[in-house]
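**Student:** Once you've had a glance at the structure underneath, I'll fire off some questions.
The values are calculated or read from the model by the stated rules, or taken from the named source; none is laboratory data. The structure presented is a predicted model; accordingly, all values stated were derived computationally and were not measured. No Cβ is skipped: glycine too gets one built from the backbone with ideal geometry, and neighbour counts run over all protein chains shown.
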Amino acid sequence: MSHVISIAAPAKKTGKTSTAINLAASFAISEKKTLLIDCDPHQGAGYGTSILTYPARSSGFYSVITDRSGIKEEILSSALDFLKVLPSGADFSKADFLFGDTDGDFSKLREKVQAIKDDFDYIVLDSPSGMPNLLKSIVMATDWVVIPLNADIESPKELLSPFSEIRTLLQLIITSGDQFQVFPKIIGILLNKCEKIENVSEKLSNQVFDNINEYILSARIPYSRDISQGLALGRPAAFQNIGSDATFAYMDLAEELIDKINRMQQN
Amino acid sequence: MKLIEQNALKTVEQKLLDLIVVNLNWQALRKAIKSQFSIKVLKDITVDRGNILILDNEIVYQLHLGPETGVSVLMDRSGELIEISFSESMNEIREKLSKPDEEILEEQAALEDTSALTSEIAAMISQINETDQGEISKTEG
């Protein structure tokens, strides 16, 4: 059975793109047929280019959702046998307006993804910040949502804004689900950039995280140069250093998600 | 008889001290101050300056914490803490390392707000994950 997972958070700098690219690579390394769809126009230019095999010509996902080309013809191969990539395309920044026009457009992205769903074990969608219509459309196209959270904070005040944004996302999922009769589930909140996580826990005591402990994923993504440098080059941390803490953390994340999805489906 | 330029040695010593500062485990140091002197270090601290000293015929490193806290830390060549010493009264030190009451109150308020938010988020995730098709209308209505 195939699964569509979106990496979604309205706030900036939560690690959405690094999570998407590294999670997709980790699924692929685990020999799961995986498609990474770039739905973040801000990352579009260099995203994934270093892992693509050449010739890497694609008009991108924007061309697909505007019916100018078929989704299968825009999907590119990568250096990993089990990983395919669908770039966003040059005009993807217009997508937010596209989905803002009519309610009907919200289901278009879902229709396109559903059309190729059975070709893959996992489809991972990156999502943008500051594009509410596009984000809504992405979330409605997915079965599962992972919410990344930047844990590199010094005081509780810094968590107020990202948690408020998470609440906004959840409200969006609830109201959109009602509107479109599509009900994606939340796999969990992923703590990114965890260099100071012990410090964070100490400062926040258990008061804050205890409330949502059962929804925080066990995998912790460390702050790592392998992640940031890899992202700058458009490739996963595993391509920077296969033996790094970051690579193992993303492999743990992939394993945890596979297991959690199976368990959530059984319930 | 001068065997090496003084500046060359000073530069290398400073580089060593800078490296020690870069690699300093601040969390462990905060814990040590808390456990030994019951002072919770809440302000951002830095290292004002460092010295290389001899103690009991062994090289040790001394770091003076800043900005002007009056606290210095002594560690041996294996990185083990030897002692933390204060050049000012405990009350003065406490004032310099802790935050003003207003800031503590502000942080406490933020903690309570964040705690309320996470509680709300947990309830929403539970609702989303436990709601099957068609049920959201009922719960939202």
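**Student:** At least 2 residues that are within 14 Å of chain B (Cβ to nearest Cβ) in each: list the helices (runs of 4 or more DSSP H) lying fully within the range A:207-246 that qualify. Explain how you work it out, then say what you get.
**Tutor:** Working: elements: A:207-212, A:225-232, A:237-240.
By residue number, A:207-212.
**Student:** Filter the range B:88-103 for residues that are at pLDDT below 70 and either loosely packed, with under 13 Cβ neighbours inside 10 Å or facing chain A (nearest Cβ under 9 Å) (or both) and give the result.
**Tutor:** B:Pro100, B:Asp101, B:Glu102
**Student:** Restricting the search to the range A:164-193, which residues are within 7 Å of chain B (Cβ to nearest Cβ) and touching a Ser or Thr at 6+ places or on another chain (Cβ under 6 Å)?
**Tutor:** So the first thing to find is which residues in the range A:164-193 are within 7 Å of chain B (Cβ to nearest Cβ), and the list is A:164, A:166-167, A:170, A:173-174, A:177-178, A:181, A:183, A:185-186.
Listed by number, the list holds a single entry, A:Asp178.
**Student:** What about B:Asn25, is it within 23 Å of B:Leu97 (Cα to Cα) and loosely packed, with under 13 Cβ neighbours inside 10 Å? Steps first, answer last, please.
**Tutor:** Working: within 23 Å of B:Leu97 (Cα to Cα): yes; loosely packed, with under 13 Cβ neighbours inside 10 Å: yes.
Taking the combined requirement at face value, the residue satisfies it.
**Student:** Take the residues of the range A:148-163 that are in a loop (DSSP other than H, G, I, E, B) and of a type in the set (Asp, Glu): which is farthest from the other protein chains (Cβ to nearest Cβ)?
**Tutor:** Ranking the qualifying residues of the range A:148-163, first place goes to A:Asp152.
**Student:** Give just the number: which of (1) modelled with pLDDT under 75; (2) surrounded by 15 or more Cβ atoms within 10 Å (Cβ to Cβ) does A:Ala45 not satisfy?
**Tutor:** (2) is the only condition that A:Ala45 fails.
**Student:** Just the residues that are of a type in the set (Val, Ile, Thr) and under 27 Å from B:Glu95 (Cβ atoms), please, taken from the range B:21-57. Reasoning before the result, please.
**Tutor:** Step one: of the range B:21-57, the residues of a type in the set (Val, Ile, Thr) are B:21-22, B:33, B:39, B:41, B:45-47, B:52, B:54.
Those that are of a type in the set (Val, Ile, Thr) and under 27 Å from B:Glu95 (Cβ atoms): B:Val21, B:Ile33, B:Ile39, B:Val41, B:Ile45, B:Thr46, B:Val47.
**Student:** Then there is this: For the subset of the range A:126-147 comprising residues that are part of a loop (DSSP other than H, G, I, E, B) and buried (at least 24 other Cβ atoms within 10 Å of the Cβ), which member is nearest to the other protein chains (Cβ to nearest Cβ)? Let's see the steps before the verdict.
**Tutor:** Filtering the range A:126-147 for residues part of a loop (DSSP other than H, G, I, E, B) gives A:127-131, A:141-143.
Now drop any that are not buried (at least 24 other Cβ atoms within 10 Å of the Cβ), which leaves A:127-128, A:141-142.
Working: A:Ser127: 17, A:Pro128: 21, A:Ala141: 16, A:Thr142: 13 Å.
For the range A:126-147, the residue satisfying everything is A:Thr142.
**Student:** So if I check each of B:Val71, B:Val12, which one is under 13 Å from B:Leu97 (Cα atoms), of a type in the set (A, V, I, L, M, F, W, C) and either in the same structural domain as B:Glu92 (by TED's automatic domain parsing) or touching a Cys at 6+ places or on another chain (Cβ under 9 Å) (or both)?
**Tutor:** Working: B:Val12 fails: under 13 Å from B:Leu97 (Cα atoms).
Among B:Val71, B:Val12, only B:Val71 is under 13 Å from B:Leu97 (Cα atoms), of a type in the set (A, V, I, L, M, F, W, C) and either in the same structural domain as B:Glu92 (by TED's automatic domain parsing) or touching a Cys at 6+ places or on another chain (Cβ under 9 Å) (or both).
**Student:** If you scan the range B:116-132, which residues turn out to be at pLDDT 85 or above and either at the interface with chain A (Cβ under 8 Å from one of its Cβ atoms) or under 30 Å from B:Val41 (Cα atoms) (or both)?
**Tutor:** Residues of the range B:116-132 at pLDDT 85 or above: B:116-130.
Within the range B:116-132, B:Ala116, B:Leu117, B:Thr118, B:Ser119, B:Glu120, B:Ile121, B:Ala122, B:Met124, B:Ile125, B:Gln127, B:Ile128, B:Asn129 meet the criteria.
**Student:** Can B:Ser85 be described as part of a strand (DSSP E or B) and at pLDDT 85 or above?
**Tutor:** Values: part of a strand (DSSP E or B): yes; at pLDDT 85 or above: yes.
The answer is yes for B:Ser85.
**Student:** Related question: Do we find a residue being touching a residue at least 60 places away in the same chain (Cβ under 8 Å), within 14 Å of another protein chain (Cβ to nearest Cβ) and touching a Lys or Arg at 6+ places or on another chain (Cβ under 9 Å) anywhere in the range A:99-107?
**Tutor:** Filtering the range A:99-107 down to residues touching a residue at least 60 places away in the same chain (Cβ under 8 Å) leaves A:103, A:106-107.
Now drop any that are not within 14 Å of another protein chain (Cβ to nearest Cβ), which leaves none.
The answer is no, given that none of the residues of the range A:99-107 is touching a residue at least 60 places away in the same chain (Cβ under 8 Å), within 14 Å of another protein chain (Cβ to nearest Cβ) and touching a Lys or Arg at 6+ places or on another chain (Cβ under 9 Å).
**Student:** Within the range A:101-123, which residues are over 17 Å from A:Ile65 (Cα atoms) and buried (at least 16 other Cβ atoms within 10 Å of the Cβ)? Break it down into steps so the answer makes sense when it comes.
**Tutor:** Filtering the range A:101-123 for residues over 17 Å from A:Ile65 (Cα atoms) gives A:118-122.
A:Phe120, A:Asp121, A:Tyr122, listed by residue number.
**Student:** Also: Among B:Ile20, B:Ile33, which is surrounded by 14 or more Cβ atoms within 10 Å (Cβ to Cβ), touching a Phe, Trp or Tyr at 6+ places or on another chain (Cβ under 7 Å) and not in a loop (DSSP other than H, G, I, E, B)? If you could, list the steps in order and put the result at the bottom.
**Tutor:** Details: B:Ile33 fails: touching a Phe, Trp or Tyr at 6+ places or on another chain (Cβ under 7 Å).
One residue alone meets the criteria, B:Ile20.
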